[in-house]
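Here the structure is laid out as C-alpha cells; the discussion comes afterwards.
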Amino acid sequence: MRVKKLWCVKTSMSVDGEIYLDGSAALVLPNGSLVVYDDEEEAAVTMAFAPDAWQTVHDMDGERDKPRSIKIWRGEV
C-alpha cells in the first residue's frame with residue numbers, strides 16, 4: 001500500500017492551468033492518458049485525463065511528506 005500524495009496536473013481544463021489531486025499514484029498509460037488513483041480503496045480512480053488534456057504531472061510532496069507549494073485551483077472539470 002502506498003502513501004497518499006498530492007499531485008499537480010498542468011492542464012488547460014483549469015482556469016489557472018493546474019489541478020491538485022490526492023492519490024497514491026499517477027500512471028501514464030501506453031496511449032498517453034493520465035490516471036491518478038488511490039490504492040487504499042482498491043485502485044479507485046481519483047481522476048483520469050485524455051492524452052491531449054494534460055501537459056505535466058508532478059508529486060507535490062517533498063522529503064518531509066508535505067506540499068512544497070500549493071496554489072488554489074479556480075475552475076471546474
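Considering only the range 29-51, state which residues are touching a residue at least 24 places away in the same chain (Cβ under 8 Å) and aliphatic (A, V, I, L, M).
L34, V36, M47 - these are the residues of the range 29-51 that are touching a residue at least 24 places away in the same chain (Cβ under 8 Å) and aliphatic (A, V, I, L, M).
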Q. How many residues are surrounded by fewer than 17 Cβ atoms within 10 Å (Cβ to Cβ) and charged (D, E, K, R) when one looks only at the range 4-26?
A. 4
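Yes/no matrix, rows are residues, columns are (1) outside any strand (DSSP E or B); (2) at pLDDT 90 or above; (3) of a type outside the set (K, R):
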| site | (1), (2), (3) |
| --- | --- |
| L6 | no, no, yes |
| V9 | no, yes, yes |
| I19 | no, yes, yes |
| G32 | yes, yes, yes |
| E40 | yes, no, yes |
| A48 | no, yes, yes |
| P51 | yes, yes, yes |
| D65 | yes, no, yes |
| I72 | yes, no, yes |
(Q) Go through (1) at pLDDT below 90; (2) under 18 Å from M60 (Cβ atoms); (3) aliphatic (A, V, I, L, M) for A44 and report which single condition fails. (A) (2)
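The values are calculated or read from the model by the stated rules, or taken from the named source; none is laboratory data. Since this is a predicted model, take the numbers as computed values, not measurements. Note that each Cβ is placed from the backbone with ideal geometry, even for glycine, and that neighbours are counted across all protein chains shown.
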